[in-house]
Amino acid sequence: MKLMQAIGGAGNGGAENFFIQLASAFHSADMDQHLVTRPHEMRDSQIKTAGISHQNLKFGGALDFVTPHRLRTISKTYKPDIYLSWMARAASMTPSGPFPKLARLGGYYNPKYFKKCDHLVGITPDLCRHVIDQGWSKDRVHYVPNFLNWKPKPPVSRSEFSTPEDVPLLLALGRLHTIKGLDIAVQSLVQIKDAHLWLAGDGPLRNSLEELAIKCGVANRVRFLGWRTDKEALLATADITVFPSRQEGFGNVILEAWAARTPIVATQAEGPSAYIDHGETGMLSPIDDINAFADNLKTLIASRTLHQKIVNRGFQQYEDGFTEQIAVQNWQTLFRKLT
């Protein structure tokens, strides 16, 4: 089976990172692939290192007529059995051809961008429901969740970020963006004595979050780590993962916390609500509710029994449904069905 995949994202976000993970998993399963991506130094290097057939296109805006033409040419040359696009921009440029045209949905996109696709693949049941409610027939919408190929690493030294060994350490992973709700994590720290917060990521809100930490009087307990590539080590160091998103189609952070055996405290955004069982595999609070979020953190810090239950059940949830082997089988089953 020959698979052609296209992604037009320019950044280094969750979808772009998972694109590399899934392509690498397919490669390990000896699937014949050709990838088409927007130029990105780190992503291009990862694909080259993996040894996957690949080329770059611009994936510009509405006036980019070259990329759709090149995609058609590539598809005619490569002759895929399946075409899989990622995110709205690539989906809107899907070429015509005698092959099933799929698009993976990792967020609540406007269905208008997917008119050239035959099938949509949602990574949560609610995403599938969303597009069905928008008029897509059930037989053209499929559920395939994300996965995680987890390779544990030793913890980093807390002293590297001037953090005492005997205090609760909270960790947030992701872009410093409004939808990630990291202001909630900073403000909740006011109510949690001695706890420290590490923010691993970068983005447009860094300056405002630094100012907020000063305003709240917790700047001495908040560390801005910048963009990191050692999340496995950071999760091994932290006591609790915090995930206060205002909007989240899925959130690979959930799987990462489960696999790392680090309990997670999240908000009731779409993704966390679909996968986290409150008090069993994590803790959930209403979006933007600082007091409820802080209360969940304090409850988890105070109860070693609850902490261990969430660790054990979260890890079991990961092993039962979100490993690389299970994910590849799910995708291959869908591909066989559609071809």
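The values are calculated or read from the model by the stated rules, or taken from the named source; none is laboratory data. Quantities reported herein were computed from a predicted structural model and do not represent experimental measurements. Backbone-built Cβ (ideal geometry, glycine too); neighbour counts: all protein chains shown.
Taking the range 122-164 as the search range and keeping residues that are of a type in the set (D, E, K, R) and in a loop (DSSP other than H, G, I, E, B), which one is farthest from Ile326 (Cα to Cα)? Once the filter is applied, the top-ranked residue is Lys153. Right, Ser85: surrounded by fewer than 19 Cβ atoms within 10 Å (Cβ to Cβ), outside the structural domain of Ala236 (by TED's automatic domain parsing), at pLDDT 95 or above and not acidic (Asp, Glu) or not? No; evaluated as a whole, the condition is false for this residue. May I ask you to list the residues in the range 165-194 that are in contact (Cβ under 8 Å) with a residue 24 or more places away in the chain, part of a loop (DSSP other than H, G, I, E, B) and either in contact with a helix residue (DSSP H, G or I) (Cβ under 6 Å, 6 or more places away or on another chain) or more than 20 Å from Ala294 (Cβ to Cβ) (or both)? Those that are in contact (Cβ under 8 Å) with a residue 24 or more places away in the chain, part of a loop (DSSP other than H, G, I, E, B) and either in contact with a helix residue (DSSP H, G or I) (Cβ under 6 Å, 6 or more places away or on another chain) or more than 20 Å from Ala294 (Cβ to Cβ) (or both): Pro168, Gly174, Arg175, Leu176, His177, Ile192.
Residue check: is Gly97 at negative phi, of a type outside the set (Ser, Thr, Tyr) and part of a loop (DSSP other than H, G, I, E, B)? Spelling it out, it is not the case that Gly97 is at negative phi, of a type outside the set (Ser, Thr, Tyr) and part of a loop (DSSP other than H, G, I, E, B). Yes or no: the range 311-319 includes at least one residue that is in contact (Cβ under 8 Å) with a residue 60 or more places away in the chain and either surrounded by fewer than 16 Cβ atoms within 10 Å (Cβ to Cβ) or over 21 Å from Ile123 (Cα atoms) (or both). No; the residues of the range 311-319 include none that is in contact (Cβ under 8 Å) with a residue 60 or more places away in the chain and either surrounded by fewer than 16 Cβ atoms within 10 Å (Cβ to Cβ) or over 21 Å from Ile123 (Cα atoms) (or both). All conditions but one from (1) in a helix (DSSP H, G or I); (2) modelled with pLDDT of 95 or more; (3) surrounded by fewer than 16 Cβ atoms within 10 Å (Cβ to Cβ) apply to Phe26; the one that does not is (3).
One residue stands out in the range 105-117 among those that are of a type outside the set (Phe, Trp, Tyr) and in contact (Cβ under 8 Å) with a residue 60 or more places away in the chain: the one that is surrounded by the most Cβ atoms within 10 Å (Cβ to Cβ), namely Leu105.
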